[in-house]
Amino acid sequence: PALREGITQLLDHRMLEARLGRGRLRIEPGGRPRATRLARWEAQHAPSLTTPIHVALPLDPVDRRLVTRLDGERDLETIVEALTLDVVEGRVSLEGAPSGAFRIGPLLQERASRLVSTLGWWGVLDPG
């Protein structure tokens, strides 16, 4: 009874989270990474993504735009090319970015690779 009461109090005070299954974490990104539908929707409408374990991942506008394109249809290089064009043409702002696509592209490639790895780590990518 004391253990049950203690657990109930922790749940009531949101100090403990009960789940029916394990959160999907540490997803290995594939050649054509795909963010979950929820992540792509949140990237369009909110400043952060929600992980399977309910942690908010804040993203800046460039990263949010990248997540919206992680639909499993394109490889990361193609997505980065489109994102580079968005930055060069002013559709999205990359603070402190160098001028010219030849400089922005490699910067965004590195950033995109890190972001996709992070999204996989947090389980925000679909497996495969």
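The values are calculated or read from the model by the stated rules, or taken from the named source; none is laboratory data. In this text the structure is predicted, and so the values were computed from the model without any measurement. A quick note on method: Cβ atoms are made from the backbone with ideal geometry, for glycine too, and the neighbour counts reach across all protein chains shown. The accessibility values were calculated without ligands, DNA or RNA, using every heavy atom of the protein model including side chains. Shrake-Rupley method; radii C 1.70, N 1.55, O 1.52, S 1.80 Å.
General remarks:
- For LEU49, distant residues with modelled amide H under 5 Å away: LEU57, LEU59
- Around the amide H of ALA35, modelled in the peptide plane, lie the amide H atoms of LEU70, ASP71, GLY72, ASP126, all under 5 Å away and 5 or more residues distant in sequence or on another chain.
- Each peptide in 51-59, 66-74 was scored by the mean count of other Cβ atoms within 10 Å over its residues; highest first, the order is 66-74, 51-59.
- In the chain, taking the dipole from charged Cβ atoms about the Cα centre, the farthest positive-side position among PRO127, LEU38, LEU11 is held by LEU11.
- Using alpha-carbon coordinates, inclination of helix 2-12 to the longest axis of the chain, degrees: 40 degrees
- Once semi-axes √(5λ) of the Cα gyration tensor in Å is calculated for the structure shown, the corresponding label among (i) 36, 15, 11; (ii) 26, 16, 14; (iii) 23, 16, 12 turns out to be (i).
- Each listed q (0.14, 0.23, 0.24, 0.26 Å⁻¹) maps to a log10 I(q)/I(0) for region 43-113 from the Debye sum over equal C-alpha point scatterers, namely -0.43, -1.04, -1.11, -1.23.
- Selected from VAL80, PRO106, GLY90, residue furthest toward positive end of dipole (region 64-106; charges at beta carbon): GLY90
- Scalar couplings 3J(HN,Hα) for region 62-69, obtained by applying the Karplus form with A = 6.51, B = -1.76, C = 1.60 to θ = phi - 60°, are 5, 5, 5, 5, 4, 4, 4, 8 Hz; x denotes Gly and Pro.
- The magnitude of the dipole of the chain, with charges of +1 and -1 set on the Cβ of Lys/Arg and Asp/Glu and taken from the Cα centre, is near 300 debye.
- Compared with the dominant Cα axis of the chain, that is its longest principal axis, helix 101-121 is turned about 20°.
- The apolar share of the surface of the chain, taken as the fraction of accessible area on carbon and sulfur atoms (1.4 Å probe, ligands and nucleic acids excluded), comes to 53 percent.
- A Förster distance of 22 Å, applied to the separation of the beta-carbon atoms of ALA56 and MET15, puts the FRET efficiency at 0.80.
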